[in-house]
Amino acid sequence: MNLGLSLLATAERTPAAEALVDGHTRLDYAALQGRAARLAGGLAGLGVGRGDRVAAVLKNRHETVELFWACQWLGAWFVPLSWRVSPADVAYCVADAGARIVLVEPASEEHAAALADVRLVSVGGASGCALALDELRAADPHPGALDLDDGAISIMLYTSGTTGRPKGVPRSHRAERAGGLSQALQHGYLHGDRTLGVMPLYHTMGDHSMLAMSLISGCYVCQPDWSAERALELIERERVTSLYLAPTLFHDLVTHPGRPTRDLSSVRALGYAGAAMTGALVERCLEAFDPEVFVNHYGSTEIYTFSLDANQRAKPGCAGRPALNARLRLVRPEPGAGPDDLAPPGAEGEIACQLTSDEAFAGYWNRPDADAKAIRDGWYLTGDLGRLDEDGDLWIVGRVDDMIISGGENIHPLEVEDALARHPKVREVAVIGAPDDRWGQRVVACVVADAGTTPDELDAFLLDGGALARFKRPREYRLVEALPKSASGKILRRVLRDA
Ligand code: AMP
């Protein structure tokens, strides 16, 4: 079933179920489907057809969701891009995707100004555009590309590009729908659930949250800009039932001074992804929400779900077992290693996922170099290091490239971060390796902490706690105001290392 049909099916099944909330705009599934068909009609009037790319530099607003569905209805590729990156990066992606139509809003006017040879469509009153989305939506409804093969491309997401140029990840209707279904099932969603739509729709988490809601006749509550205060207000007012967020956002929510005064009792299911959560943060989330379901979802843009742990209460931070659609292996973390070069039992290895997953992409857009690096013999090499515990459950140890080798010992940043995060005055911490003449690399901790916190105090805490081997202790502490992060909550360690 392609996604146009999928939306139609939901609209026929539950026309009056609330689909989308954005401020004062409320749409049920019948209205959403109607708007998508009319917007598709407007796009078709501009010459957009099957396989054409439509780019959008938009926040999470109702128009973004309508545009996603209009593209599905038309058989065009939806190419959502981040308004947080530089205009040059957006221009690169637009050209790489070959998009001729780009939708922009006030937050992306600067990006729009850097684009050449494209037709700009304004959303929410963005200036400098010849056309507005409202005009496109006034068109007659498009009949829909309902016979489109579900192997056709639905969306192209760009990976955050913490190293090098962003890479386009084209994903089929089938892979997208499978990802939405797997999320609905594995995150324990129920018919009519409501989720907070704050993870960007240009990221795989935001995209699939919206899709999962559409499959269960659920509601997607847009939050265009992150603010913990506003999120708490929306959760209370809109009776949000599921939260699927990056760890950073959970951190902001549970530590917000206004949180205890809010009624958060509607929240039943929690899930996080994008980065590891420290055990300390898992505990704080459990205290704040007392959820029925608390899932650690480990996945990526390329293959939506690798593994899942459905009971964070029992094993905080654990990434669990291969997900519904996935087969995983740990392979030797060496250049050139393939899926058959298994890591010895009990040892750490690079996590590989078989591309037979229904949720998998089929290769990068125009990047044979990236395919050659990441895809080997039908397996996708994640670049993540993992190990299995005595029960056979997976733990993410870090990125292969982030491992610190100090005095010949391997030290994983996450382990040191987890130990430091338990100090009551530490709010956030990132650990990196800095070049060192004697040790090769020395462990440096960049810490966001309460005023007056001293390195000696932190070091004494690690020595007393005994949770961390002595040689893994940071040799240097940097007390910083904030940590650089990507939209999905990944600490940009490269930025820290460069600094
Ligand atoms: P992205 O494609 O931006 O979603 O990034 C995918 C990468 O994020 C993975 O390869 C991991 O490095 C990291 N990641 C995603 N989910 C988790 C998780 N639950 N725990 C630890 N790392 C994660």
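Give the longest segment of the chain that steers clear of GluC sites (Glu not before Pro) in DSSP loops with at most 16 neighbouring Cβ atoms within 10 Å, not counting the sites themselves.
Here the longest run is 1-291.
Just to verify a number: FRET efficiency for Arg26 and Asp225, C-beta to C-beta distance, R0 = 25 Å, to 0.05?
It comes to 0.80.
What is the sum of charges around Leu136, taking Lys and Arg as +1, Asp and Glu as -1, for the other residues whose C-beta is under 15 Å from the C-beta of Leu136?
-2
Under a 1.4 Å probe, what is the accessible area of the stretch 426-499 per residue, stated in Å²?
That works out to 55 Å² per residue.
So how much slack lies between Asp393 and Asp147, counting 0.36 nm per residue of separation and subtracting their Cα-Cα distance, in nm?
84.4 nm
Describe numerically, in nm with one decimal, the distance between label points set 7 Å from Cα along Cα→Cβ at Arg313 and at Asp401.
So the label points at Arg313 and Asp401 sit 3.9 nm apart.
What's the carbon and sulfur percent of the stretch 176-216's accessible surface, probe 1.4 angstrom, rounded to a whole number?
Solvent-exposed carbon and sulfur of the stretch 176-216 make up 65 percent of the total.
Binning at 5 Å from 0, report for the stretch 158-224 what percent of all alpha-carbon pair distances ends up in each bin.
Per 5 Å bin, starting at zero, the Cα-Cα P(r) for the stretch 158-224 comes out as 4, 18, 24, 23, 16, 10, 4, 2, 0 percent.
What number in nm² do you get for the stretch 26-124 if you take the convex hull of its Cα atoms and divide its surface by four?
Average of the hull's projected areas for the stretch 26-124 equals 5.7 nm².
Excluding Val48 itself, what net charge comes from residues whose Cβ is under 11 Å from its Cβ, given Lys and Arg +1 and Asp and Glu -1?
+3
Taking a 1.4 Å probe, which of His62, His24, His208 shows the most accessible area, and what order do the others take after it?
His24, His62, His208
Roughly how many nanometres apart are two label points built 7 Å out from the Cα toward the Cβ at Glu334 and Thr356?
Taking the simple label geometry, Glu334 and Thr356 are separated by 2.7 nm.
Which residues in the stretch 335-379 have a backbone N closer than 15 Å to a point placed 7 Å from the Cα of Ala469 along the Cα-to-Cβ line?
Taking a point 7 Å out along Cα→Cβ of Ala469, the residues of the stretch 335-379 whose backbone N falls under 15 Å are 347-348.
Once neighbouring chains are kept in place and the probe is 1.4 Å, which whole percent of the accessible area of the stretch 339-494 is contributed by carbon and sulfur?
After summing per-atom areas, the C and S share lands at 49 percent.
Skip the ligands, DNA and RNA, and give the accessible area per residue of the stretch 237-389 with a 1.4 Å probe, whole Å².
Ligands and nucleic acids excluded, the figure is 40 Å² per residue.
Less than 14 Å from a label point 7 Å out along the Cα-to-Cβ axis of Glu476: which backbone N atoms in the stretch 441-455 qualify, by residue?
Only 441-447 pass the distance filter.
Helix-only estimate, please: 222 nm mean residue ellipticity of the chain, summing -39500 (n - 2.57) across DSSP H runs of length 4 or more and dividing by its residues, to the nearest 500.
-9000 deg cm²/dmol
Angle check, please: helix 3-13 long axis (alpha carbons) against the longest principal axis of the chain (alpha carbons), in degrees 0 to 90, nearest 10.
It works out to around 70 degrees.
Pop the C-beta distance of Ala372 and Asp117 into the FRET formula with R0 = 30 Å and round what comes out to the nearest 0.05.
0.45
Compute the long axis of helix 29-45 from its Cα atoms, compare it with the longest principal axis of the Cα atoms of the chain, and write down the angle in degrees, 0 to 90, nearest 10.
70 degrees
Which value does Rg/Rh take for the stretch 276-335 over its C-alpha atoms, Rh per Kirkwood?
Looking at the stretch 276-335, the ratio lands at 1.05.
For the stretch 38-54 and the stretch 423-498, what is the centre-to-centre distance using only Cα atoms, to the nearest Å?
The stretch 38-54 and the stretch 423-498 have Cα centres spaced 50 Å from each other.
Tally Lys/Arg at +1 and Asp/Glu at -1 over every other residue whose Cβ is under 11 Å from the Cβ of Ala362; what's the total?
Within the 11 Å Cβ shell, the charges total 0.
Within the stretch 120-150, name every residue whose backbone N is under 19 Å away from a label modeled 7 Å from Cα of Ala95 along the Cβ vector.
Backbone N within reach: 120.
Provide the per residue accessible area, probe 1.4 Å, for the stretch 139-202, rounded to a whole number of square angstrom.
Heavy-atom SASA per residue in the stretch 139-202 reads 36 Å².
Using every Cα-Cα pair within the stretch 407-499, state what percent have a distance larger than 23 Å.
Of all Cα-Cα distances in the stretch 407-499, 20 percent exceed 23 Å.
If I take all pairs of Cα atoms in the chain, what percentage of them are more than 46 Å from each other?
So the pairs more than 46 Å apart make up 10 percent of the total in the chain.
With unit charges on the beta carbon (Lys/Arg positive, Asp/Glu negative), name the residue among Leu264, Pro291, Thr195 whose Cα is farthest towards the positive pole of the charge dipole of the chain.
Checked the options; the winner is Thr195.
Using a basic spin-label model with each label point 7 Å from the Cα along Cα→Cβ, how many nm lie between Asp140 and Asp459?
So the two model labels end up 7.7 nm from each other.
Loop-only chymotrypsin sites (Phe, Trp or Tyr not before Pro) in the stretch 274-357, please: DSSP not H, G, I, E or B, and at most 14 other Cβ atoms within 10 Å.
Taking the stretch 274-357 and a limit of 14 other Cβ atoms within 10 Å, no loop chymotrypsin sites (Phe, Trp or Tyr not before Pro) are found.
Please give the helix 173-186 orientation as an angle from the longest Cα principal axis of the chain, in degrees from 0 to 90, rounded to the nearest 10.
Helix 173-186 sits at roughly 60 degrees to that axis.
Cα centroids of the stretch 122-199 and the stretch 62-89: how far apart, whole angstrom?
6 Å
The values are calculated or read from the model by the stated rules, or taken from the named source; none is laboratory data. For clarity, every value in this text was computed on a predicted model and none was experimentally measured. Ideal geometry is used to build each Cβ from the backbone, glycine not excepted, and the neighbour counts take in all protein chains shown. For the accessible areas, the whole protein counts, side chains as well, though only heavy atoms, and no ligand, DNA or RNA atoms are used. Shrake-Rupley method; radii C 1.70, N 1.55, O 1.52, S 1.80 Å.
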